[in-house]
Amino acid sequence: MSSAKRRMRPSPVSIAGLGAYLPEKVVTNDDLAATLDTSDEWIRSRTGIAQRHYAAPEQATSDLAIAAGKAALADAGLATDDVAAILVATTTPDHAVPGTAPLVAAALGTEVAALDVNAACSGFLYGLRMGTALAIAEDAPVLLIGAETMTRIVDPTDRNVAILFGDGAGAVVLVPDAAGSMGPFVLGADGRDPSMLWTETGGTRTPVSSAVLEARTHYMTMRGGDVYRNAVTRMTAAGLEVLEAAGRTSADVDLFIGHQANLRILDAVGQRLGIDAAHTHVTVDQHGNTSGASVPLALADARDRGRLAPGDTVLLTAFGAGLTWGACLLTWDPTGAGSAGSGGGRVDRRARPAVSEVQQ
Ligand code: COA
């Protein structure tokens, strides 16, 4: 099955603000091992994950999204009224109906267009493509938020998935900018085998019933090995495709931010793309897999740690259920006018801890 080749040009759009929200509660591997047949050593060696954040019982995805969205607008120095649209990339909406984005918009005090993007863990990359197009079409800023409460769809008694996921939200403000360069983008989907990573029931195919609840099939399940292989293959191919379309090579990439699912997946993709670990940003050790929130959370973390300098070329890749995948090149703060975050613009390309160090 092939995807149509399209002309891929970067768009004159840049990121004017970043926001992040992580719930207060931190759950370590040892915390999980207290109730699950697993161990800190197993989780660290297979995934690189040391801890993740859990939303409080009263928090839903919109609560996380609102906090990250407000932070991004403040970072950009913009008011809600300046924004032409709000996109929320999520696969864990507050409700099946309505979408989460209108709830976020209402909390931010606006009636502009607001809609959800559900491409699972690739949702932020898909939203970035849509938000970029909207910012140009409307000639106005667009607020894009990736927000997830993954712990609500994960069976806490299933060690195969419970150890992987965390909750959080990250947001960007996209602005039309003649000096900006957003793209090229590569996005793709293959829905032939959705059971590789899915919630089998609870939707319109098989609505919730007492039988469903008893079988616990409303929780997410996954064939880990298949997901792993596809994640590496698809993110590598998408990354190579955007580099080729841009006439660039991996040597031009100042910072690589892949979907933070698993440190081994990030390492494998980085190696295949020819990107040194020193140019790869990792947050999966601290956040776990936050699905559609992982890339904007990692971007905000990189900026706050001073790992992004004006004019830097950033490569983003993502992969998720569907299957869905994507990659994008962007120029960070093209004119040097953007906020430097708490890192103060200090650029530090130190190599991140190796898996062995993460394992302590
Ligand atoms: N603790 C201890 N043992 C566990 C475990 C846990 N949390 N989870 C699974 N196991 C067991 C399995 O039951 C299996 O046991 P068996 O061989 O007796 O049947 C065994 O560990 C599998 O081990 P292994 O083959 O070494 O695991 P792995 O190296 O394939 O790692 C994953 C498993 C899930 C970490 C890995 O496949 C993965 O990361 N896949 C991608 C997941 C992902 O990123 N999903 C989201 C994508 S957006």
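The values are calculated or read from the model by the stated rules, or taken from the named source; none is laboratory data. On a predicted model such as this, the values are computed, not experimentally measured, just so you know. Glycine gets a Cβ as well: all are built from the backbone with ideal geometry, and neighbour counts include every protein chain shown.
Answer yes if at least one residue in region 47-64 is touching a Phe, Trp or Tyr at 6+ places or on another chain (Cβ under 6 Å) and touching a residue at least 60 places away in the same chain (Cβ under 8 Å), and no otherwise.
Let us first name the residues in region 47-64 that are touching a Phe, Trp or Tyr at 6+ places or on another chain (Cβ under 6 Å), namely 64.
Those left that are additionally touching a residue at least 60 places away in the same chain (Cβ under 8 Å): 64.
Yes, some residue in region 47-64 is touching a Phe, Trp or Tyr at 6+ places or on another chain (Cβ under 6 Å) and touching a residue at least 60 places away in the same chain (Cβ under 8 Å).
Among (1) buried (at least 18 other Cβ atoms within 10 Å of the Cβ); (2) within 16 Å of the ligand (Cβ to nearest atom); (3) aliphatic (A, V, I, L, M), there is one condition Leu174 misses while meeting the rest; what is its number?
Condition (2) is where Leu174 drops out.
Tell me which strands (runs of 3 or more DSSP E) are completely within region 1-91 and hold 1 or more residues being within 30 Å of Thr335 (Cα to Cα) and touching a strand residue (DSSP E or B) at 6+ places or on another chain (Cβ under 9 Å), or say none if there are none.
Fully inside region 1-91 and qualifying: 13-21, 85-89.
Restricting to region 286-300, give me the number of residues that are more than 9 Å from the chain's Cα centre (by Cα) and within 14 Å of the ligand (Cβ to nearest atom).
Adding up the residues that qualify gives 2.
What number of residues within region 226-281 are part of a helix (DSSP H, G or I), surrounded by fewer than 17 Cβ atoms within 10 Å (Cβ to Cβ) and of a type in the set (Ser, Thr, Tyr)?
So the count comes out to 1.
Among the candidates Ala119, Ala162, Ala178, single out the residue that is among the aliphatic types (A, V, I, L, M), over 22 Å from Gly320 (Cα atoms) and touching a residue at least 24 places away in the same chain (Cβ under 8 Å).
So the residue among Ala119, Ala162, Ala178 that is among the aliphatic types (A, V, I, L, M), over 22 Å from Gly320 (Cα atoms) and touching a residue at least 24 places away in the same chain (Cβ under 8 Å) is Ala178.
Kindly indicate which of Thr80, Thr91, Thr100, Thr110 is within 16 Å of the ligand (Cβ to nearest atom) and among the β-branched types (Val, Ile, Thr).
Thr91
Evaluate the following for Pro102: is it free of Cβ contacts under 8 Å to residues at least 24 places away in the same chain and surrounded by fewer than 23 Cβ atoms within 10 Å (Cβ to Cβ)? Working first, answer last.
On the way: free of Cβ contacts under 8 Å to residues at least 24 places away in the same chain: yes; surrounded by fewer than 23 Cβ atoms within 10 Å (Cβ to Cβ): yes.
Criteria met by Pro102.
When residues of region 147-171 are filtered for being within 12 Å of the ligand (Cβ to nearest atom) and among the acidic types (Asp, Glu), how many remain?
Result for region 147-171: 2.
What is the number of the single condition among (1) within 12 Å of the ligand (Cβ to nearest atom); (2) touching a strand residue (DSSP E or B) at 6+ places or on another chain (Cβ under 6 Å) that Gly183 does not meet?
(1)
Examine region 216-225 for a residue that is modelled with pLDDT of 95 or more and part of a helix (DSSP H, G or I), and state whether such a residue exists. Working first, answer last.
Of region 216-225, the ones modelled with pLDDT of 95 or more are 216-225.
Of the ones still in play, those that are also part of a helix (DSSP H, G or I) are 224-225.
Yes - at least one qualifying residue is present in region 216-225.
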